[in-house]
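Worksheet: one structure, shown below.
The values are calculated or read from the model by the stated rules, or taken from the named source; none is laboratory data. No experiment lies behind these values; they were computed from the predicted model shown. Positions of Cβ are generated from backbone atoms using ideal geometry, with glycine treated the same way; all protein chains shown enter the neighbour counts. Protein only, heavy atoms only, side chains kept; ligands, DNA and RNA dropped before computing areas. Shrake-Rupley method; radii C 1.70, N 1.55, O 1.52, S 1.80 Å.
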2 protein chains.
Amino acid sequence: MKPKHLLADIGNTHFHIYNGTFVEHLSYEEAIEKYSHRKLYYICVKHALNHTIESIALWKNISKAIQLNGAYETMGVDRKALCLSHEEGIFVDAGSAITVDVMQNGQYRGGFIVPGVGAMLQAYAQISPALVTEFNANVSLEHLPTTTKDGISYGIIAPIKTLIDRHRKGQKLYISGGDGKLLSHFFQDAVYDETLVFQGMQKVMKEIEIC
Amino acid sequence: MKPKHLLADIGNTHFHIYNGTFVEHLSYEEAIEKYSHRKLYYICVKHALNHTIESIALWKNISKAIQLNGAYETMGVDRKALCLSHEEGIFVDAGSAITVDVMQNGQYRGGFIVPGVGAMLQAYAQISPALVTEFNANVSLEHLPTTTKDGISYGIIAPIKTLIDRHRKGQKLYISGGDGKLLSHFFQDAVYDETLVFQGMQKVMKEIEIC
């Protein structure tokens, strides 16, 4: 279903803009310069930005319309939109934070948050210069690591993977976000799709007859 | 086994000093002021400190004597000493970082590192002001959280707990470190003992006939 208008998910670090064909990731400045003359529906987790963005006449904030059964008050609107993309499953958004949420029969059942891959690497580096390293995307989760670098990469991926697997119970695993592709490689049968949040937005917009 | 001399484990943020009865946690300055006139054997992960400490005549660095079968070159000496405390088991040091190491039959089998509870809270806070919170030590791991605060506390504890449990396979779980007591409450039959590193040091010292 191609949206009539541009859709944007405004996150903590970037604009993610979907034109119905592909998702574009832009800085705030780039997004405003490139699209402020185009009709665009957005959700936004960055409250400090609202004032700047709300002054753009052609852009409409639909955050308040994103309602999810069972969700809690302070749940990020991007997480809600992601969960709305399907009635059932585990929904992972791997960005600056990694959120993991469970949906059953159209109801939100709960979820949790861990720092994203970049934030974790930064956290290690702040503990000690001995823990400064890059992420090894090929780290084996089959064997216990025996180097600092792999001990850190394993420490980033294995805990969250093990916990997600424990919650799966045969349910579909949907993964989105900037590190989503990387994360999806560690799972069996994960659905990586960077349009999931926009699918959730479109469902809501159809219900309230925006598109 | 009471040591004849003071033992010290010099970590990334504190001195931990064991007199055979209890463990004292001091800042670098406090430790040097209080104990520089006393005979003391130490291990040290903070290489930048070596110069200051090595000028203290009564203090002896035994880091090089701490040898662990199967360990890798850059493994922290405190982790090695911890693993040397027993021939078999899972060894967790919950400090500024949380290290998890596996020993079987006196051989090191591998391990991994995650940021400690404080470092994780800081990592969340740096991602977004919406993720600034305190750790809820009473967070339930039985149910999926439905608040941001619990979603974060669960995100700190549940992944690492789930992964440690997966590696246990009936082995004993030994926990040490500043957050060790807190962490041990989330496990069944965990042995929390803040003298484990010193037990490892004492074993080595006995072998090389220092005490």
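Here is a yes/no grid of residues against (1) within 14 Å of chain B (Cβ to nearest Cβ); (2) crowded, with 18+ Cβ neighbours inside 10 Å; (3) closer than 24 Å to B:Pro115 by Cβ:
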{"site": "A:Gly70", "(1), (2), (3)": "yes, no, no"}
{"site": "A:Cys83", "(1), (2), (3)": "yes, yes, no"}
{"site": "A:Ser96", "(1), (2), (3)": "yes, yes, yes"}
{"site": "A:Gly110", "(1), (2), (3)": "yes, yes, yes"}
{"site": "A:Val114", "(1), (2), (3)": "yes, yes, yes"}
{"site": "A:Gln126", "(1), (2), (3)": "yes, no, yes"}
{"site": "A:Pro129", "(1), (2), (3)": "yes, no, yes"}
{"site": "A:Ala137", "(1), (2), (3)": "no, no, yes"}
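Of the residues making up the stretch B:57-68, those that are open to solvent by 30 Å² or more (accessible area, probe 1.4 Å) and closer than 27 Å to A:Lys149 by Cβ are B:Asn61, B:Lys64, B:Ala65, B:Gln67.
Identify the residue in the stretch A:164-182 that is touching a Phe, Trp or Tyr at 6+ places or on another chain (Cβ under 8 Å) and within 14 Å of another protein chain (Cβ to nearest Cβ) and, among all such residues, is nearest to A:Ile43 (Cα to Cα). Going through the qualifying residues, I end up with A:Ile164.
Residues in the stretch B:163-202 that are open to solvent by less than 20 Å² (accessible area, probe 1.4 Å), β-branched (Val, Ile, Thr) and more than 11 Å from the chain's Cα centre (by Cα): 1 in all. Could you check the stretch A:10-34 and list, in sequence order, the residues that are in contact with a helix residue (DSSP H, G or I) (Cβ under 9 Å, 6 or more places away or on another chain), in a loop (DSSP other than H, G, I, E, B) and open to solvent by less than 70 Å² (accessible area, probe 1.4 Å)? Answer for the stretch A:10-34, where residues must be in contact with a helix residue (DSSP H, G or I) (Cβ under 9 Å, 6 or more places away or on another chain), in a loop (DSSP other than H, G, I, E, B) and open to solvent by less than 70 Å² (accessible area, probe 1.4 Å): A:Gly11, A:Asn12, A:Gly20.
Taking the conditions exactly as written (at pLDDT 95 or above and within 14 Å of chain A (Cβ to nearest Cβ)), does B:Gly118 satisfy them or not? Show your work before the answer.
Values: at pLDDT 95 or above: yes; within 14 Å of chain A (Cβ to nearest Cβ): yes.
Against the criterion (at pLDDT 95 or above and within 14 Å of chain A (Cβ to nearest Cβ)), B:Gly118 qualifies.
Within the stretch A:15-30, is there a residue that is under 21 Å from A:Arg79 (Cβ atoms) and more than 16 Å from the chain's Cα centre (by Cα)? For the stretch A:15-30, residues under 21 Å from A:Arg79 (Cβ atoms) and more than 16 Å from the chain's Cα centre (by Cα): present.
For A:Ile208, the stated conditions hold: it is surrounded by fewer than 19 Cβ atoms within 10 Å (Cβ to Cβ), aliphatic (A, V, I, L, M) and not assigned by TED's automatic domain parsing to the domain that holds A:Ile17. For the stretch B:124-155, enumerate the residues that are among the β-branched types (Val, Ile, Thr), in contact with a strand residue (DSSP E or B) (Cβ under 8 Å, 6 or more places away or on another chain) and under 25 Å from B:Lys181 (Cβ atoms). Selection gives B:Ile152 alone.
Output the residues belonging to the stretch B:35-56 that are open to solvent by 30 Å² or more (accessible area, probe 1.4 Å) and either in contact with a Leu (Cβ under 7 Å, 6 or more places away or on another chain) or part of a loop (DSSP other than H, G, I, E, B) (or both). Let's see the steps before the verdict.
From the stretch B:35-56, those open to solvent by 30 Å² or more (accessible area, probe 1.4 Å) are B:36-39, B:45-48, B:50-52, B:54-55; that's our starting set.
Residues satisfying the conditions are B:Ser36, B:His37, B:Arg38, B:Lys39, B:Val45, B:Lys46, B:Ser55.
Based on what the data block shows, is B:Glu87 more than 21 Å from A:Gly118 (Cβ to Cβ), within 12 Å of chain A (Cβ to nearest Cβ) and of a type in the set (D, E, K, R)? So B:Glu87 does not fit the description; no.
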